[in-house]
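Scroll down for the structure; my scribbles are underneath it.
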Number of protein chains: 2
Amino acid sequence: MTSTSFTVTPWEVKGEIDYEKIIKEFGVKRIDEPLMHRLSKLAPLHLFLRRKLFFAHRDLDVVLDEHEKGRKVVLYTGRGPSGHTHLGHLVPWIFTRWLQKAFKAKLYFQMTDDEKFLVKDLSLEQTTNYAKENALDLIALGFEPHDTKIIYDTEHIRELYPFALKIAKRTTFSTAKAVFGFDNSTNIGLSFFPALQAAVAFYAQQQVGMAGGEKAADAGKNVQCLIPCAIDQDPYWRIARDAAPYLGYQKPATILSKFLPGLSGPAGKMSASDAANAIYTTDKPEDARKKVMRAFTGGQPTIDEQRKKGGNPDICTVCQWLNLLFEEDDDVMQQRLKDYRAGKILDGENKKYLADKVVAFLEEHQRKREKARDVIEKYSLTA
Amino acid sequence: MTSTSFTVTPWEVKGEIDYEKIIKEFGVKRIDEPLMHRLSKLAPLHLFLRRKLFFAHRDLDVVLDEHEKGRKVVLYTGRGPSGHTHLGHLVPWIFTRWLQKAFKAKLYFQMTDDEKFLVKDLSLEQTTNYAKENALDLIALGFEPHDTKIIYDTEHIRELYPFALKIAKRTTFSTAKAVFGFDNSTNIGLSFFPALQAAVAFYAQQQVGMAGGEKAADAGKNVQCLIPCAIDQDPYWRIARDAAPYLGYQKPATILSKFLPGLSGPAGKMSASDAANAIYTTDKPEDARKKVMRAFTGGQPTIDEQRKKGGNPDICTVCQWLNLLFEEDDDVMQQRLKDYRAGKILDGENKKYLADKVVAFLEEHQRKREKARDVIEKYSLTA
């Protein structure tokens with residue numbers, strides 16, 4: 001959607017996003033307290049739920065109903081490999097790992113190396129290389145090869161293609177225009193691509209059904225697919241959900257996140273094309289520290305003023321990163337926000353507090369990321 | 001193209017086709033006498049060239065130049081498997097076998113089971129089944145597995161996809177609209193498909209280059225692809241030829257045929273959707289005989305009138321089938337046309353003469369077609 005003050009599409013997120021407006025216009029539902037309560041019965045609620053980073057859904061209640069009846073759930077998320085992974089990309093993946101444990105579910109993870117080739121000034125070699133690099137980050141988060149299958153579109157197109165064709169056959173260019181904002185200058189590869197991204201939802205259901213001993217022709221018709229992702233991907237799931245009855249599958253459900261703000265301010269999402277605004281998993285920890293120390297804050301021009309007037313955590317990216325990503329302890333977080341607002345915590349200290357956590361995370365992540373190189377092939381769909 | 005009196009697109013051919021007009025509007029060239037002479041040096045000219053069923057081309061002269069320099073030529077043609085094969089479908093395949101011997105070239109044959117699913121009221125299972133049935137007809141014509149590779153799109157999409165993506169990236173929906181007559185109601189699968197049909201030309205060049213020991217990255221850049229097919233497929237090759245410089249390959253050349261008229265009259269091409277108008281390779285020979293005996297002719301209402309006034313071979317489908325397909329001997333053919341025009345050959349006799357040839361062909365073809373079932377797997381691209 002494009003509003004007067006912000007834009008949220010799969011290819012562009014900018015401006016100050018009004019998530020209330022998005023909920024209404026996309027027609028998704030808020031994750032309310034009763035739903036949180038149901039989720040908490042599966043596992044202690046993840047930070048991202050407690051801090052409302054994951055805030056909206058489609059049919060999450062249906063997934064919980066089906067799960068309670070003993071039906072299988074399969075998870076599906078992915079990544080457009082147009083560069084290295086930054087912390088914003090990790091948000092849905094970290095959450096997916098929590099969902100995987102909560103639902104004891106298999107994950108299908110799509111690397112859209114084709115899509116990024118089609119929309120960016122990158123070669124196919126570059127996007128397929130980034131896909132492998134990004135996969136290291138996924139693996140570093142603790143996913144196991146026995147229940148995590150990575151789909152590289154250019155490698156695994158054959159597996160997805162029959163589903164994509166069935167979705168494409170009933171999706172006109174008009175519909176794609178309306179849902180994705182395509183026009184006559186859109187290339188014919190990109191115009192087909194939504195069918196391929198939607199396809200994985202059904203492929204995943206079929207595979208889980210087949211693993212359970214069902215026959216290919218109607219395998220997975222009772223499996224429920226749940227897609228954790230950022231809200232900008234919602235248009236794809238509208239296409240998938242519309243196609244589901246024609247393919248004979250359950251409509252995929254979604255659990256949707258807001259965007260992690262970039263370091264230079266609360267507007268938009270952390271962009272992979274602005275290196276100073278984002279922290280990459282491949283950044284040297286000390287470079288990451290420097291980026292944090294230069295972050296946009298909610299502080300006052302001088303220390304004296306901040307001590308007197310206090311800071312504004314609502315516009316402070318440092319407070320937000322702590323709240324959404326790095327400060328696990330709810331009580332500590334509440335106290336810190338209160339202290340920041342009261343001028344008891346100054347920006348320098350706050351930045352250092354975050355920077356230490358970022359550095360610790362990166363050192364650990366990078367260690368695991370390098371180890372992932374030895375096992376990456378085990379995660380491939382066709383391994 | 002759509003003219004006031006006829007339509008020729010990859011999905012529709014109807015009306016009385018003005019091939020002169022097509023040559024002008026498509027911007028293709030007539031196969032002239034000097035070109036025929038050059039071809040005759042490779043092998044005795046095929047019936048289809050002598051009788052001008054293959055009548056036009058793009059860059060056939062370039063292919064001959066390159067071939068004379070010792071460069072490799074690869075052939076590419078295909079079939080949209082929306083039903084059983086009829087004699088009209090065999091025309092480019094029979095000619096391809098001649099070209100294969102003349103140029104000592106490998107053939108890549110594409111079965112577009114995906115396309116036919118996207119445009120017809122057929123299931124994917126039906127189109128993939130027809131693809132295998134149609135392949136039997138190809139094999140029955142004498143192609144050998146060592147230099148004939150059949151590409152089934154849904155099976156071999158992975159091999160074609162990188163080329164298709166590169167073509168798609170620089171083909172806008174506007175271009176596809178202009179070239180293929182697509183509009184906003186076109187499904188997003190069909191709008192992508194031209195990239196996939198164009199892709200085979202470059203894939204084939206690459207494969208031949210690699211077979212010659214070149215490295216994948218720039219394999220086949222000097223190989224020349226020649227595409228024998230009916231004129232309605234020309235739009236695809238415009239897309240392919242436009243994309244060639246960006247992919248670093250030679251522009252594919254084409255050698256283009258007119259349509260074999262249907263039995264019920266000279267307008268349009270033999271349609272796979274009108275069973276009485278076409279003779280299928282799966283027709284019982286005696287049913288085929290009956291179809292021929294009911295064919296539209298250039299005769300007069302009564303035998304007496306025909307003896308007096310003579311018949312008109314130009315509108316007579318029986319004369320045309322003999323001329324274009326079944327009467328190999330040029331002298332015999334010329335004499336028969338003269339005799340028909342003079343009223344010396346009557347329709348009944350003419351039909352029987354053709355029917356005997358059709359029956360003999362079908363009996364032989366069907367015998368070979370059944371034997372092909374044992375070897376069909378050897379022809380698969382990935383065999």
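The table for this structure:
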item	result
Label distances, nm, B:E363 versus same residue in remaining copies, Cβ-directed 7 Å point	8.9
Nearest residue to the symmetry axis between A and B, taken on chain A by its Cβ, in whole Å	A:F192, 2
Nearest 10 degrees, 0 to 90: helix B:347-372 Cα axis against chain B principal axis	30
Nm distances between copies for A:K177, ranked from closest, using label points 7 Å along Cα→Cβ	0.6
Dipole magnitude (debye, nearest 20) for chain B, charges at Cβ of Lys, Arg, Asp, Glu	560
Sorted by Cβ density within 10 Å, fewest first, the residues A:T128, B:T112, B:T154, B:T302	B:T302, B:T154, A:T128, B:T112
Alpha-carbon centroid distance for the pair region B:37-79 / region A:152-184, whole angstrom	38
Sorted by Cβ neighbour density within 10 Å, fewest at the top, the residues A:V28, B:V200	A:V28, B:V200
0 to 90° range, to nearest 10: angle between helix B:153-169 axis and chain B longest Cα axis	70
Exposure proxy ranking, count of Cβ atoms within 10 Å, fewest first, for A:E159, B:E125	B:E125, A:E159
At 7 Å out from Cα toward Cβ: B:S123 inter-copy label distances (nm, ascending)	4.4
Förster-model FRET efficiency, 35 Å R0, A:H146 and A:D314, C-beta, rounded to 0.05	0.25
Lys, Arg +1 and Asp, Glu -1 on Cβ, resulting dipole of the protein assembly as shown about Cα centre, debye, nearest 20	60
Residue-averaged 222 nm ellipticity for the protein assembly as shown, from DSSP H runs of 4+ at -39500 (n - 2.57), nearest 500	-15500 deg cm²/dmol
Free-standing Cys residues across the protein assembly as shown, given no other cysteine C-beta under 4.7 angstrom	A:C225, A:C229, B:C225, B:C229
Set of aspartates and glutamates near B:K24 by C-alpha distance (under 16 Å), chain-local residues within fewer than 8 positions excluded	B:D32, B:D59, B:D232, B:D234
For the protein assembly as shown, share of DSSP beta bridges that run antiparallel, in % to the nearest 5	40
Between helix A:87-103 and chain A: long-axis angle, C-alpha atoms, 0 to 90°, nearest 10	60
Net charge contributed by nearby residues that have their C-beta within less than 12 Å of B:L64 (K/R +1, D/E -1)	-1
Those residues of region B:125-157 whose amide nitrogen sits under 15 Å from the label point placed on B:E214, 7 Å along Cα→Cβ	none
Efficiency of FRET from Cβ geometry, A:L45 and B:A383, R₀ 51 Å, rounded to 0.05	0.40
Centroid-to-centroid separation of region B:313-383 and region A:227-269 [C-alpha atoms, Å]	59
Size of charge dipole - region A:1-134 - debye, nearest 20, with Cβ of Lys, Arg +1 and Asp, Glu -1, no other charges	680
Net charge of neighbours whose Cβ lies under 10 Å from the Cβ of B:L381, counting Lys and Arg as +1 and Asp and Glu as -1	-1
Close Lys-Lys pairs in region B:72-163, where close means Cα under 23 Å and separation is 8 or more or interchain	12
Net charge of neighbours whose Cβ lies under 10 Å from the Cβ of B:G310, counting Lys and Arg as +1 and Asp and Glu as -1	+4
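Just so you know, all these numbers are worked out from the coordinates, no wet-lab data involved. This one's a predicted model, so the numbers in the text were calculated from it and none came from an experiment. So basically every Cβ, Gly included, is an ideal-geometry build from the backbone, and we count neighbours across all protein chains shown.
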